[in-house]
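Okay, structure first, notes after.
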Amino acid sequence: MRPELEKVINEIEKAVAGKRDVIEKILTALLAGGHILLDDVPGVGKTTLAVALSRAVGLVFRRVQFTPDVLPSDLVGFSMYDPAGNAFRYRPGALLHAHLVLGDEINRASSKTQSALLEAMEERQVTVDGTTYPLETPFLVIATQNSVGAAGTQMLPYAQMDRFLLRLSLGYPDYRAQMDLLRARQGADPLQEVECVLAREALLGMQQSVLRVTSRDAILDYITRLAMASRTAEGVEVGISPRGALFLDRAAKARAWMDGRDYVTGRDVQAVFTDVCAHRLVLKEGAPGTAEEVLSSLLGSVETPDRRLRNGGFLKK
Amino acid sequence: MKTRRILYLSFVLLALCLWFFGNGTGSRAVLFSALLLPLCPPVRHGLFAPDKGPALSPHTVQAPEALSRPEEEDSGDVHPFRPGDEARQIHWKLSAKRGTLLVREQAPVPCEAEESRTVSAPLPRREVRKRRLLSALLAVIPLAVLCLLLLPAANRGARLLFNRLFEASEAKNAYLYDRFPVEGEGPLLPAALLLASVPGSLLAVAVLSGSRLPALLLYAGCVLFQVWFGLAFPAWVNIGLCGLLLLRLLRRPPDRRAVLALLAVLLVLSLLTALLWPGTDASVEAASEKARDALSRMADSIAGAFRESPAGDTPARHVHTRSLTEGDAESREGKGYRPVTVEEEEISLHRWADLLRSLALLLLTVALIVLPFLPFLWFNARRKKALQAREVFRSGQVGEAVCALFLHTVRWLDACGCGPGNAPYAAWTPKEEGFPEGYPALYRQCAALFEEAAYSGHSLGEDARQTLLALLARTEETLKRRAGWKQRFLLKYRECLWTEDEKRDRSSH
């Protein structure tokens, strides 16, 4: 782990203790330029985590609470008629001028709002009345979905879940972590102690470096074989799409860079595989096992690039 | 259906007993038992159940276990309290009298829902018609057999047909006789139709019902027919029938492809055998036939049943009088034989067969001589290939050398069973005992170097190669020490992991 990233993680851990792996994964998504879906029960610290991250990296944070009556214009902005200037003026929405957007309970938003958000995530710009307004860089959306109390909501369909790079879950803390949490809140709010240890420009530079990390043919072959194997695995209706394979590559690059290397190895792909691909699988009805189990069995059965090299493939370039 | 099966089996057993212990009437009884076939609904259960399709056996309502337990109370319908019984079913009065809790029996709930569910959807009309057709086809078989046995005209016709068939198969022998005794002539066509209807209907049932037993029966019938009559269909007919049967029995496509390949090989072999098998000389055959015939004539004349027929312009006709069935001697007009003419000997096919035969023998001899040397040749080729692959260890490109060295080390570890298998090599650590101290750290370092060499465009320095060589040396040493002589043998000769001169080279390096 690179030292500057170590510092960031340590800072965030001041506010959210005991979730180091989740913080690492969020940093992976941030460096890879992807978005995160947090599938979780309420009250485990999602907002705290997002706020801590924004403070540690010097990003502007905005929180959007989705309710069924949130309109798309609330997100992307709208044009208002200004009688003084005799023209329409653009009023920016929640997505504008923010680096880190936490969209709470996206499943409660209407489909139109959901697609407005997802489109903005994809294109990194919004178009209102013919004018295009680019979003900030870096731009990260953390959308949360509440599996509890999901009645009367539009759970994100699989096609839209496919657009998120990672799906994470915080989960309840264990005993020690809960004790530490309660102890920490006895005094001052630990969120205030989180300081900015990484400049925004440095983060942008890191994102550029991540794009320059090399993935050799052997690794791309591995990713492709994993994706194709997932499509024909038993119990799987819909496997990993080509977008999923692209995201897997990007996440592996970010992981490799975080590890201090500028080349991707099979280890990196395996480390990010479950998180990147678990929400992309659609299992057949009545199929035993969860998506995670299917993916871990795939990891065991598909030939790693090391083994492929050993068996004589890809020896030259 | 269980009673039907028992009935069926008992009749078959009875028939078989009669056949073995009784006399000729037993064989008829066997055939009578075949009458029972259409009485059992053939396509639904048992032997004729189709392989695919819904299983429509209706559930029989199982009464609750309590009713059939032998150790229940005699008085009325109560049983001792068991955990899980309902409290309101307790018979308080009896329990007070007896001193233990007794529970009233529950009347069995008729499972109407279940019954209606499985007695089910009425069968589609096509299915019903198909089943009726199959029953009709199956009924044809015993009817045809009965007609053949009982109607004298059909019987005669059948026997004539069989005699003709037998003649045709034995035509090249001079020694012809009638298989069945038959009086007079009769119409052949009805008997032929009846005879053909038996395998025909069996074939139709096999095709229509999707079940495998009729195909089996058909093939068994053909084989028994040949055995019983002593005639043989040509090899390709038998192989073809066998192939059809296997295709019917096997379900999955890979099996079928394998079977077709096997059949093709068998056909080619039978063709080659037909061509290359040392055939017999025609004149030698004719001479042996003559001798055989003379012998039989002598035997007949001794038995007193021989009678010379007047000779005509054709060569002498010999008459055989004995038929092989019931043992009665009847005089018969047999067919004669004629000696093979000289022209027929000079058929060029024999020359070709000779040539091919000698060529085949030559090839066989060469193959037999070369055979013992094959293992050595094979091992030598593999050793050379392995040595060539290991030339890379000394190559100028350090990256390639590092990759090759590390992969060779992993091959060693895998061959001894303590390798990483399908895990990424840098994420694995050797856990076996027997490895020296510091080996896991060295392995990790080398794994990182390997990853750098394999997945990045960096160039590595000489020290990387030296580190990898050190790892390889330590791995070899540890594993050779741990392995028994058998494993060492396998490592050296099957996996070609090390050779003597290589070790010398490397130690001198």
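The values are calculated or read from the model by the stated rules, or taken from the named source; none is laboratory data. Only a predicted model underlies this, so the values are computations on that prediction, with no experimental measurement involved. Using ideal geometry, Cβ is built from the backbone for each residue, glycine included, and neighbour counts are taken over all protein chains shown.
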Looking only at segment B:272-287, count every residue that is exposed (fewer than 13 other Cβ atoms within 10 Å of the Cβ) and either touching a Lys or Arg at 6+ places or on another chain (Cβ under 6 Å) or modelled with pLDDT of 75 or more (or both) and tell me the total. 1
What's the total number of residues in segment B:430-447 that are touching a helix residue (DSSP H, G or I) at 6+ places or on another chain (Cβ under 6 Å) and either loosely packed, with under 14 Cβ neighbours inside 10 Å or among the aliphatic types (A, V, I, L, M) (or both)? 3
I'm trying to understand the selection: among the residues of segment A:196-228, which are within 14 Å of chain B (Cβ to nearest Cβ) and within 18 Å of A:Asp306 (Cα to Cα)? A:Thr214, A:Ser215, A:Arg216, A:Asp217, A:Ala218, A:Ile219, A:Leu220, A:Asp221, A:Tyr222, A:Ile223, A:Arg225, A:Leu226
Which numbered condition A:Thr113 fails, given (1) touching a Pro at 6+ places or on another chain (Cβ under 9 Å); (2) at pLDDT below 85; (3) of a type in the set (S, T, N, Q): (2)
Look at B:Gly419 and say whether it is at pLDDT below 85 and within 40 Å of the chain's Cα centre (by Cα). yes
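Name the single residue, out of those in segment B:381-410 being among the charged types (D, E, K, R) and surrounded by fewer than 19 Cβ atoms within 10 Å (Cβ to Cβ), that is farthest from B:Cys496 (Cα to Cα). Full working, then the answer.
Here is the first cut: in segment B:381-410, the residues among the charged types (D, E, K, R) are B:382-385, B:390-391, B:394, B:400.
Those left that are additionally surrounded by fewer than 19 Cβ atoms within 10 Å (Cβ to Cβ): B:382-385, B:391, B:394, B:400.
Values: B:Arg382: 7, B:Arg383: 6, B:Lys384: 9, B:Lys385: 9, B:Glu391: 14, B:Arg394: 18, B:Glu400: 20 Å.
By that ranking, first place goes to B:Glu400.
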Number of positions in segment A:175-201 that are farther than 22 Å from A:Leu30 by Cα and assigned to a loop (DSSP other than H, G, I, E, B): 5
Selected residue [more than 14 Å from every other protein chain (Cβ to nearest Cβ), part of a helix (DSSP H, G or I) and surrounded by 20 or more Cβ atoms within 10 Å (Cβ to Cβ)] from B:Thr475, B:Thr467: B:Thr475
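Within segment A:123-175, count every residue that is of a type in the set (D, E, K, R), farther than 18 Å from A:Arg63 by Cα and modelled with pLDDT of 90 or more.
Filtering segment A:123-175 down to residues of a type in the set (D, E, K, R) leaves A:123-124, A:129, A:136, A:162-163, A:167, A:174.
Narrowing further to those that are farther than 18 Å from A:Arg63 by Cα: A:123, A:129, A:162-163, A:167, A:174.
Now drop any that are not modelled with pLDDT of 90 or more, which leaves A:123, A:167.
Qualifying residue count for the region: 2.
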Restricting attention to segment A:277-298, which residues are free of Cβ contacts under 8 Å to residues at least 24 places away in the same chain and within 23 Å of the chain's Cα centre (by Cα)? A:Thr290, A:Ala291, A:Glu292, A:Glu293, A:Ser296
All but one of (1) surrounded by fewer than 16 Cβ atoms within 10 Å (Cβ to Cβ); (2) without any contact (Cβ under 8 Å) to a residue 24 or more places away in the chain; (3) farther than 24 Å from A:Val22 by Cα hold for A:Ser79, so report the exception by its number. (2)
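Does A:Gln207 count as in a helix (DSSP H, G or I) and either modelled with pLDDT under 90 or on the phi < 0 side of the Ramachandran plot (or both)?
Numbers: in a helix (DSSP H, G or I): yes; either modelled with pLDDT under 90 or on the phi < 0 side of the Ramachandran plot (or both): yes.
Criteria met by A:Gln207.
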Would a scan of segment B:443-452 turn up a residue that is within 49 Å of the chain's Cα centre (by Cα), modelled with pLDDT of 85 or more, facing chain A (nearest Cβ under 8 Å) and part of a helix (DSSP H, G or I)? no
Name the single residue that is surrounded by the fewest Cβ atoms within 10 Å (Cβ to Cβ) among those in segment A:2-53 being touching a helix residue (DSSP H, G or I) at 6+ places or on another chain (Cβ under 6 Å), part of a loop (DSSP other than H, G, I, E, B) and among the hydrophobic types (A, V, I, L, M, F, W, C). A:Ala17
Counting only residues that are more than 8 Å from every other protein chain (Cβ to nearest Cβ), more than 22 Å from B:Ala386 (Cα to Cα) and surrounded by fewer than 17 Cβ atoms within 10 Å (Cβ to Cβ), how many does segment B:411-429 have? 1
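Please determine whether any residue of segment B:144-154 is at pLDDT 55 or above, assigned to a loop (DSSP other than H, G, I, E, B) and not hydrophobic (A, V, I, L, M, F, W, C).
Step one: list which residues in segment B:144-154 are at pLDDT 55 or above, which gives B:144-154.
Then drop every residue that is not assigned to a loop (DSSP other than H, G, I, E, B), which leaves B:151.
From what is left, the residues that are not hydrophobic (A, V, I, L, M, F, W, C) are none.
No: zero hits.
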Here is a list of conditions, (1) crowded, with 19+ Cβ neighbours inside 10 Å; (2) more than 24 Å from the chain's Cα centre (by Cα); (3) within 30 Å of A:Gly58 (Cβ to Cβ), and A:Gly187 meets all of them except one; can you say which number that is? (1)
Of A:Arg55, A:Arg91, which residue is among the basic types (Lys, Arg) and without any contact (Cβ under 8 Å) to a residue 24 or more places away in the chain? A:Arg91
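State yes or no: is A:Arg212 among the basic types (Lys, Arg), loosely packed, with under 15 Cβ neighbours inside 10 Å and free of Cβ contacts under 8 Å to residues at least 40 places away in the same chain? Walk me through how you get there before you give the answer.
On the way: among the basic types (Lys, Arg): yes; loosely packed, with under 15 Cβ neighbours inside 10 Å: yes; free of Cβ contacts under 8 Å to residues at least 40 places away in the same chain: no.
No, not satisfied.
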